[in-house]
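The next block holds one structure in the form of structure tokens; read it before the comments.
The values are calculated or read from the model by the stated rules, or taken from the named source; none is laboratory data. Because the structure is a prediction, the values reported are computed rather than measured. Quick reminder, even Gly has a Cβ in these numbers, built from the backbone with ideal geometry, and neighbours come from all protein chains shown. We work out accessible area using only protein heavy atoms, side chains counted, and drop any ligands, DNA or RNA first. Shrake-Rupley method; radii C 1.70, N 1.55, O 1.52, S 1.80 Å.
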Amino acid sequence: MTEYALQLNVEDQLTRIVYIDENFSREARSMLYHAYLEEPSIRYLMDDSKPNYSQRVRALIRELIRVHFAENQPVIGVMRGERLAGFAFVSTPDHQLELFESLRWRCRLMLSVGLQAAERFINYRKEVAKILADKRLYRVPLVGINPKWQHQGYGRLLMEAVDSLCETDQNSEGVVLDTGNSRYLSFYSSLGYKELGSITVGEVTETVLFRPNRDPQLDEA
């Protein structure tokens, strides 16, 4: 774990922004499992109508985290003292290899969650990729806040850190994420995210959100 290079305005001295490494994988898996288990899109993708749904969710999260760290992609965390309050997994624009294009990863996913759930997830990723086209973007595939510290501003602080990271790359157009939970839309809108497009995931509308990098010249003005 290393201190985050970009210092944000954090009044609480107990709160730090850090880069976290795979030593936090177990804690990340647990937090993400609780964050995504009841999410509408995940319930469809991992087929909650069939037995062992929770095991498939755990397996999906495990595989996503494993490949993220294996490919040295950044993970930004918010620390409350020595406890992890939340984190965001970030994929950089130079990370060109989509998971669904990796035969090895697809095979691992099928073995972990089953053929149908794997195909649903891969097709979902392909549809999101079509909306993004060839834009040079940072992406946030996974984000979670410790239930103990939800609704206390840590989610906003975390996303501000993500935005700051993206804006250090002058060749990046901004950051993108997607959600099938409509209750999060107003939160992301308050951070400057706008709808880029949407896809249908079962009976759920998955909204793709984009926040462009601010123009530093306008900020200086």
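How many residues does the stretch 156-177 contain that are of a type outside the set (A, V, I, L, M, F, W, C) and open to solvent by less than 20 Å² (accessible area, probe 1.4 Å)?
So the answer is 3.
Could you please let me know if Glu206 is among the acidic types (Asp, Glu) and open to solvent by 20 Å² or more (accessible area, probe 1.4 Å)?
no
Which ones in the stretch 194-215 are touching a residue at least 40 places away in the same chain (Cβ under 8 Å), more than 16 Å from Arg139 (Cα to Cα) and not charged (D, E, K, R)?
Across the stretch 194-215, the qualifying residues are Ile199, Val201, Gly202, Val204.
Give the stretch 25-75 a look and list any residue that's part of a loop (DSSP other than H, G, I, E, B), touching a residue at least 24 places away in the same chain (Cβ under 8 Å) and either in contact with a Leu (Cβ under 8 Å, 6 or more places away or on another chain) or open to solvent by 40 Å² or more (accessible area, probe 1.4 Å) (or both), or say none.
Met46, Glu71, Pro74
Identify the single condition in (1) surrounded by 14 or more Cβ atoms within 10 Å (Cβ to Cβ); (2) touching a residue at least 40 places away in the same chain (Cβ under 8 Å); (3) farther than 20 Å from Ile42 by Cβ that Leu191 does not satisfy, given that it satisfies every other one.
(2)
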